[in-house]
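In what follows, a structure is listed as structure tokens, so that the remarks can point back to it.
Nothing in this text is a laboratory measurement; each read-out follows from the coordinates by a stated rule. What you see is a predicted model; the values in this text were computed from it and never measured. Here the Cβ is made from the backbone with ideal geometry for all residues, glycine too, and neighbour counts use every protein chain on show.
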Amino acid sequence: MIDALIRSQFIAACMALIMFGLTAPTLAQTSATEGVPKTANDEGYILERFPDSLPQTTNQCIFFRTLYDWKPLNRHNLIVWAPSRKHPYHLQLDRPCQNLRFAHTIGFSSNNGRLCGFGGDSILIGHGGGLPDRCPIGSITKLDEDGLERLLAQGQGRTLREKRESEAAAAAKENP
């Protein structure tokens with residue numbers, strides 16, 4: 001009887017340690033990421049600061065038939081507009097997509113005709129032969145005007161003309 005009581009107390013203590021071990025890192029991660037901008041719409045969001053972490057998950061989806069335009073920012077990020085230039089979305093990929101910045105066309109893969117930040121939706125990048133690269137979408141965030149400007153200013157996918165205009169504007173601010 002005493003052995004059974006000691007054994008049950010031992011098992012209860014082990015379970016408590018296991019549960020604490022599962023929740024302790026979560027508590028530490030929450031306090032470490034507190035105050036860090038979650039999406040490009042948040043002030044201070046830096047595109048390349050956390051390239052291996054996805055922004056806050058959203059339940060936003062875009063229908064294929066409404067896609068208007070797209071612009072790569074780097075190997076992890078792109079902006080798509082749907083259904084018009086007034087509605088930008090930030091797509092962040094689960095892994096780097098090697099040819100994204102140089103692609104002339106892209107395709108999409110989904111089970112239901114919508115792109116979402118969950119459910120296995122992907123971007124397809126052709127590279128001149130063979131099967132296209134499949135790059136899973138990790139998150140989709142609808143951008144406000146400030147978020148769009150923040151991403152475009154940080155994106156390496158800008159055209160030479162856009163880079164020169166940005167540099168000229170920065171120089172004009174420094175030397176009025």
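What to note about this one:
- Extension gain for the segment Glu145 to Glu43, taken as residue separation times 0.36 nm less the Cα-Cα distance, is 35.5 nm to one decimal.
- Sorted peptide list for 72-81, 124-133, criterion being average Cβ within 10 angstrom, highest first: 72-81, 124-133
- Just so you know, the averaged projected area of the alpha carbon convex hull for segment 61-158 sits at 5.8 nm².
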